[in-house]
Amino acid sequence: DEISAKIVCAHEIGHDRFHRGLKVNTFQDEMCVSLKNSTPEIEANYFAAELLIPDEQFFESLEEESTYNSLASKL
């Protein structure tokens, strides 16, 4: 769907911008699921969130939500 495609693209742009020298191809790596919690994956997720979530929406939601997990789930 369109939302998932935007998230995946933003995540991959994060890898392109920050991890060009890693030479890890997660699409062919059998252990790509275990890489989900690796530093490069977390960094790519942060990049995607920063790119896709409008600042106004983030700050409005920050006032409403009490925990990091609830804020992340909402956004």
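Points worth noting:
- Within segment 19-43, if we keep just the residues that are modelled with pLDDT of 80 or more and more than 13 Å from the chain's Cα centre (by Cα), the residue that is least open to solvent (accessible area, probe 1.4 Å) turns out to be 19.
- Applying the condition of being open to solvent by less than 80 Å² (accessible area, probe 1.4 Å) and closer than 16 Å to residue 7 by Cβ to segment 53-75 and asking which residue is modelled with the lowest pLDDT yields 72.
The values are calculated or read from the model by the stated rules, or taken from the named source; none is laboratory data. These figures come from a predicted structure and were not determined experimentally. Cβ sites come from the backbone with ideal geometry, for glycine too, and all protein chains shown count toward neighbours. The area values use the complete protein model at the heavy-atom level, side chains included, leaving out ligands, DNA and RNA. Shrake-Rupley method; radii C 1.70, N 1.55, O 1.52, S 1.80 Å.
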